[in-house]
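Take a look at the structure set out below.
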Amino acid sequence: LMEVVGEFPMDCPLHDSLLKVHYKGMLLDEPKSVFYDTQIDNVGEPLEFCSGEGLVPEGFEMCVRLMLPGEKSIVTCPPDFAYDKFPRPANVPEGAHVLWEIELLGFEVPKDWTGLTFKEIMEEADKIKNTGNRLFKEGKLELAKAKYEKLLREYNHVHPQDDEEGKIFANSRSSLHLNVAACYRKMGEYRKSIEACNKVLDANPVHVKALYRRGMSYMLGGDFDDAKNDFEKMVTIDKSSEPDATAALVKLKQKEQEIEKKARKQFKGLFDKKPGEIFEVGVESKNGGDTAGSGEAVTSRDRDGSGKSSPLSSESDHVFDEERPGLIDRIWPSARRIFSSLGLNRCTIL
């Protein structure tokens with residue numbers, strides 16, 4: 001029987017480490033239904049895994065990080081932290097609550113970079129980065145981002161000795177920032193993705209890949225003008241990026257059209273069916289004719305779809321009933337705000 005070593009929590013494997021454990025897994029409602037036992041199913045050898053790499057269920061790893069070497073724990077775990085979001089053993093049904101008996105035999109902390117040559121540091125960094133790339137491909141975005149960000153923190157203590165090392169180091173750091181940006185974009189956090197790209201562009205304003213990834217985040221976040229600027233700038237910097245930039249601009253145009261179509265659908269019924277005329281409900285003009293609502297110039301798409309704008313109304317063209325404002329008069333300020341929030345700079349009349 002092993003003796004528990006150390007003090008909680010200082011001597012626990014809180015940080016990413018190589019862990020060695022024996023464990024037995026059972027269904028919580030059926031204590032005798034053992035679905036895995038390292039002593040039997042792993043020929044008596046302990047399970048070895050690196051924490052922070054998504055190699056065991058989340059609940060399992062959370063528990064082991066808070067154990068001391070030699071300690072045994074009994075852990076009950078709900079399905080979300082057990083096998084519903086992790087490859088399930090054949091004899092573990094979906095939605096199962098599990099019970100693990102875990103013994104932490106020991107752990108090894110990652111290699112300290114102190115005393116390593118620059119080349120050795122970059123080799124260690126590549127291993128961690130490759131692990132992050134694998135996690136990204138598996139859709140484990142938080143874990144992947146944590147790997148990249150850990151490396152970036154470690155890079156604060158790395159000091160290249162010459163221009164060649166400086167170039168290698170700068171490229172590696174830029175790549176990590178862009179990987180963080182890709183994680184944030186996949187997670188739907190477009191503003192944070194843009195900030196990560198800016199860290200690259202602040203140091204190198206003509207970094208084509210950073211412009212591309214920032215442009216994609218601008219586009220997904222609805223900042224179409226900024227996205228267009230980034231995609232167009234790519235081509236001026238590197239002609240070979242033109243296919244990617246062109247494809248991105250096509251996608252950008254599709255996004256704009258989707259937003260415009262959504263806006264048209266949302267405001268259907270507020271406008272007259274005839275192009276260029278605003279339909280006003282229940283209000284007659286003082287001269288017996290129809291009124292056109294607001295005194296602002298409103299743009300309209302030509303029948304041929306050319307998209308050219310033309311003024312449809314002005315204060316001198318129409319008479320307004322100031323005592324009884326029409327529907328458009330009342331809702332136009334709100335409508336303008338909604339169109340602006342949808343990414344449109346003007347109202348397009350159907």
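The values are calculated or read from the model by the stated rules, or taken from the named source; none is laboratory data. Being a predicted model, the structure only gives us computed values, none of them experimental. In this analysis, Cβ positions are derived from the backbone assuming ideal geometry, glycine residues included, and neighbour counts consider all displayed protein chains. Surface areas here come from the heavy atoms of the whole protein model, side chains and all, with no ligands, DNA or RNA. Shrake-Rupley method; radii C 1.70, N 1.55, O 1.52, S 1.80 Å.
Just to confirm my filter: which helices (runs of 4 or more DSSP H) fall fully inside the range 170-248 and include at least 2 residues that are in contact with a strand residue (DSSP E or B) (Cβ under 9 Å, 6 or more places away or on another chain) and open to solvent by less than 20 Å² (accessible area, probe 1.4 Å)?
none
With the checklist (1) among the polar types (S, T, N, Q); (2) in contact (Cβ under 8 Å) with a residue 60 or more places away in the chain; (3) assigned to a strand (DSSP E or B) in hand, flag the one item residue 131 doesn't pass.
Unmet for residue 131, out of (1) among the polar types (S, T, N, Q); (2) in contact (Cβ under 8 Å) with a residue 60 or more places away in the chain; (3) assigned to a strand (DSSP E or B): (3).
So for the range 239-247 (the condition being within 22 Å of the chain's Cα centre (by Cα) and farther than 20 Å from residue 206 by Cα), does at least one residue qualify?
For the range 239-247, residues within 22 Å of the chain's Cα centre (by Cα) and farther than 20 Å from residue 206 by Cα: absent.
Being farther than 25 Å from residue 131 by Cα and either surrounded by 15 or more Cβ atoms within 10 Å (Cβ to Cβ) or among the aromatic types (Phe, Trp, Tyr) (or both) is the requirement here; does residue 3 meet it?
Spelling it out, it is not the case that residue 3 is farther than 25 Å from residue 131 by Cα and either surrounded by 15 or more Cβ atoms within 10 Å (Cβ to Cβ) or among the aromatic types (Phe, Trp, Tyr) (or both).
Please state which one of 54, 70 is more than 28 Å from the chain's Cα centre (by Cα) and in contact (Cβ under 8 Å) with a residue 60 or more places away in the chain.
70
Is there any pair linking a residue in the range 159-177 that is over 18 Å from residue 193 (Cα atoms) to one that is part of a helix (DSSP H, G or I), with Cβ under 6 Å and at least six apart or on different chains, and which?
Within 6 Å, the pairs are 160/166; 160/169; 165/118.
Would you confirm whether any residue within the range 75-82 is in contact with a Gly (Cβ under 8 Å, 6 or more places away or on another chain), at negative phi and open to solvent by 50 Å² or more (accessible area, probe 1.4 Å)?
Taking every residue of the range 75-82 in turn, at least one turns out to be in contact with a Gly (Cβ under 8 Å, 6 or more places away or on another chain), at negative phi and open to solvent by 50 Å² or more (accessible area, probe 1.4 Å).
Restricting to the range 105-155, give me the number of residues that are closer than 15 Å to residue 169 by Cα, open to solvent by less than 30 Å² (accessible area, probe 1.4 Å) and among the hydroxyl-bearing types (Ser, Thr, Tyr).
Final tally of qualifying residues: 2.
Filter the range 45-69 down to residues that are of a type outside the set (Asp, Glu) and within 16 Å of residue 83 (Cα to Cα) and give me whichever is surrounded by the most Cβ atoms within 10 Å (Cβ to Cβ).
60
Suppose we filter the range 130-166 for residues that are under 17 Å from residue 58 (Cα atoms) and aromatic (Phe, Trp, Tyr); how many remain?
Total meeting the criteria: 1.
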